[in-house]
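Taking it in order: structure first as structure tokens, then the write-up.
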Amino acid sequence: MKIISTNIGEARTLPFNGKEVTTGIFKFPVEEGIYLGAEDVVQDHVIDRRYHGGVDKACYLYSADHYEYWSKLYPDLEMPWGMFGENLTVEGLQEANVNIGDVFSIGEVIVQASQPRQPCFKLNFRFHDKDIVRKFVDAGFPGVYVRVLKGGHVSAGAEMKQLERKDSVSIQQVYRWIYASEFDPEVKRAINDPNIASSCHKDLLKRWGDFLD
């Protein structure tokens with residue numbers, strides 16, 4: 001895997017449903033690269049820390065491979081790297097091949113996969129489509145949130161290499177369970193995984209807790 005683009009953004013306040021909403025989703029490439037810290041990307045703007053940033057979600061990765069799918073769905077929309085609010089656009093990243101707890105090096109940085117991204121209405125600001133959240137869920141390309149085990153600078157062109165593979169469930173499978181209509185007993189594997197992000201653990205318990213023994 002390879003880093004195609006490093007992205008950060010400034011906060012913007014925009015009208016939405018009769019009120020003003022501040023968002024940091026407008027991220028764009030920066031040539032100088034970015035610095036990954038323990039709880040966020042330095043100089044990036046994380047607005048709502050209930051859902052972004054913090055130890056479990058210090059950096060968000062999205063696959064460059066998925067842009068073709070979205071470009072076909074929105075042929076008239078310009079799609080710069082960072083379109084999905086990701087800090088790192090990664091060539092070759094596939095959610096089905098990344099397990100919860102997997103550890104990777106990105107140059108000098110070491111990160112650990114913690115959960116899939118769950119979309120919110122703020123994607124509408126970039127796609128100008130009130131149905132984008134449902135389309136994002138249905139597409140099955142959530143991207144990957146990571147913990148930063150060893151911080152440092154990341155530049156475009158850096159290789160992303162797997163250092164440790166966990167015997168756990170994939171990012172893609174966890175994503176499916178969050179939105180599934182039928183209970184799968186295997187969801188217990190994710191709920192009991194010590195490496196899953198606490199917020200994702202809570203969401204899975206909220207969704208499926210009544211079905212657990």
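Projecting label points 7 angstrom from Cα along Cα→Cβ for Phe211 and Gln94 puts them 2.7 nm apart.
Under a model in which nothing but the beta-carbon of Lys, Arg (+1) and Asp, Glu (-1) is charged, the chain shows a dipole of about 420 debye around its Cα centre. According to the Kirkwood expression over distinct Cα-Cα pairs, how big is the hydrodynamic radius of the stretch 42-90, in Å? When all Cα pairs of the stretch 42-90 are included, the Kirkwood radius is 12.2 Å. Taking the 1.4 Å solvent-accessible surface of the stretch 63-213 as the whole, the part contributed by carbon and sulfur is 47%. With contacts taken as Cα pairs under 8 Å and at least 6 residues apart, the chain reaches a relative contact order of 25 percent. With contributions of -39500 (n - 2.57) from each DSSP H run of at least four residues, the per-residue ellipticity at 222 nm computed over the chain stands at -5500 deg cm²/dmol. Taken along the Cα-to-beta-carbon direction at a fixed 7 Å, the label points for Lys130 and Asn192 span 4.4 nm.
Evaluating kT/(6 pi eta Rh) at 25 °C and 0.890 mPa s, with the Kirkwood radius of the chain over Cα pairs in the Stokes-Einstein relation, gives 141 µm² s⁻¹.
Put simply, the amide H of Val21, placed in the peptide plane, has neighbours under 5 Å in Leu14, Phe16, leaving out anything fewer than 5 places away on its chain. For the stretch 61-152, the Cα gyration tensor yields ellipsoid semi-axes of 25, 13, 12 Å (square root of five times each eigenvalue, largest first, whole Å). For Cys59, nonlocal amide neighbours, meaning residues 5 or more places apart or on other chains whose placed amide H falls under 5 Å from its own, are Val146. In this structure, the amide hydrogen of Met160, modeled 1.01 Å from its nitrogen in the peptide plane, lies closer than 5 angstrom to those of Lys2, Ile3, counting only residues at least 5 positions away or on a different chain. The trypsin sites (Lys or Arg not before Pro) found in the stretch 117-174 that occupy coil by DSSP, while having at most 11 further C-beta atoms within 10 Å, are Lys130.
Taking only protein heavy atoms into account and a 1.4 Å probe, give the accessible area per residue of the stretch 46-132 in Å².
Details: 3390 Å² over 87 residues.
So the stretch 46-132 comes to 39 Å² accessible per residue, rounded to a whole number.
The ratio of the alpha-carbon radius of gyration of the stretch 1-100 to the globular-protein estimate 2.2 N^0.38 Å is 1.12.
The values are calculated or read from the model by the stated rules, or taken from the named source; none is laboratory data. Everything numeric in this text was worked out from a predicted model, so none of it was measured. Neighbour counts run over all protein chains shown; Cβ positions are idealised from the backbone, glycine included. Calculation scope for accessible area: heavy atoms of the full protein, side chains included, ligands and nucleic acids excluded. Shrake-Rupley method; radii C 1.70, N 1.55, O 1.52, S 1.80 Å.
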